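Working notes, structure below.
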Amino acid sequence: MARGYPLQPLLHGDPLRPGDVDLDGLAGRIGHAFARAELALEALTHRSALDRRPDLKQAFPYGNERLEFLGDRVLSLAMSKQLLLRFPQEGEGHIARRHAVLVSAKVLGEIAGEIGLANFLIGDRGKQPPTATILADALEALLGAVFLDAGFDAAARLIERLWGERLESKEIADRPAKSQLQEWAQGRGLALPYYRQVSRSGSEHEPLFVVEVTVGKYPPAQGQGPTKREAESAAARALLDQVGRT
């Protein structure tokens, strides 16, 4: 126990009983048995549990938020490597659009649901079932925990197993750029993309629209097209290309 977490009360104390956190069951779902159980427990602890559990608050004062921060970076790097290896003929822009979808909160929530992650979370049991956002955050935290427990290669293998056929999906590659950008923004807790028409030129029969899109504090990107919708799509692709480099 590298950080001195009070594992004994967490694993066996009252009111958190042994069956309440089935780490063996979790290992069976994800294919990774934790050598450091405290990392798994931290990843599974939602902040809503802290007020009613002083022992948890002492052990993990921020719940699983720190591991979520780490897991987001691990996922991004591992996914980037996977996509570059799987699609050697695709350019950076196409890879960036795949990446934006595959690391989105929507996909994370879907995968968390598939492995039944809600059954393992430590939260406020008096409230409603965990939302898709909570599940997505917990999955990222779990990836961060695996990274600290066994290294980057173990986390990357876990990502490859859990994402499975999604990594090759043509549907993901062909999804509208505006949808991909919206999911990318939502997955990072940012405001929805804001589109602004910059100019319109050309004739009535052959117009040319220029549209700018902004997300949070990221530099804006522009796109152009014969219709406003196509210009918005081009702007969304341009911004996805930009954020794919960060």
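Please work out how much length the chain gains when fully extended from S201 to A33, using 0.36 nm per residue of separation minus the C-alpha to C-alpha distance, in nm with one decimal.
54.4 nm
What is the percent carbon and sulfur in the accessible area of the range 93-246, measuring with a 1.4 Å probe over the protein chains and ignoring ligands?
Roughly 50 percent, rounded to a whole number.
Note the count of lysine pairs whose C-alpha atoms are less than 26 angstrom apart in the chain, limited to pairs 8 or more residues apart or on different chains.
For the chain, the number of qualifying lysine pairs is 12.
At a threshold of 8 angstrom on Cα-Cα distance, excluding pairs fewer than six apart, so keeping six or more, what relative contact order does the chain reach in percent?
Relative contact order, the chain: 20 percent.
What residue among L139, L192, A155 has its Cα farthest toward the positive end of the dipole of the range 126-246, where the charges are +1 on Lys, Arg and -1 on Asp, Glu, each on the Cβ?
With unit charges placed on the Cβ atoms, the residue in question is L192.
Taking only DSSP H segments of four or more residues, each worth -39500 (n - 2.57), what value at 222 nm results for the chain once the sum is divided by all its residues, to the nearest 500 deg cm²/dmol?
Value at 222 nm, helices only: -16500 deg cm²/dmol.
Residues in the range 33-67, backbone N under 17 Å from the label point at R157 (7 Å along the Cα-to-beta-carbon vector): list them, ranges by number please.
Zone members listed by number: 33-36.
Students often check this: by mean Cβ neighbours within 10 Å, which of 93-100, 24-31 ranks highest, and how do the rest follow?
93-100, 24-31
Measuring from centroid to centroid over Cα atoms, what is the spacing of the range 171-246 and the range 62-77 in Å?
One Cα centre to the other: 28 Å.
Quick one: grab Rg to one decimal and Dmax as a whole number for the chain, Cα atoms only, in Å.
21.0, 75
With the cut-off at 1.5 for a/c, could you classify the range 109-160 from its C-alpha gyration tensor as rounded, prolate or oblate?
It is prolate, given that a/c is not under 1.5 and a/b is the larger ratio.
Taking only complete DSSP H runs, can you tell me which helices of the chain stretch 20 Å or more along their own long axis by Cα positions and average at least -1.0 on the Kyte-Doolittle scale?
Taking the DSSP H segments of the chain (at least 20 Å long, mean hydropathy at least -1.0), we get 65-86, 132-150, 228-243.
I'd like to check one number: the per residue accessible area of the chain, probe 1.4 Å, reported in Å² as a whole number.
Value returned for the chain: 51 Å² of accessible area per residue.
With all protein chains present, calculate the accessible area of T227 using a 1.4 Å probe and round the result to the nearest 10 Å².
60 Å²
Place a point 7 Å from the Cα of E110 along the Cα-to-Cβ direction; which residues of the range 144-160 have their backbone N under 17 Å from it?
159-160
Using a basic spin-label model with each label point 7 Å from the Cα along Cα→Cβ, how many nm lie between T133 and R66?
It is 2.4 nm.
The values are calculated or read from the model by the stated rules, or taken from the named source; none is laboratory data. No experiment lies behind these values; they were computed from the predicted model shown. Neighbour counts run over all protein chains shown; Cβ positions are idealised from the backbone, glycine included. These area figures cover heavy atoms from the full protein model, side chains too; ligands, DNA and RNA do not enter into them. Shrake-Rupley method; radii C 1.70, N 1.55, O 1.52, S 1.80 Å.
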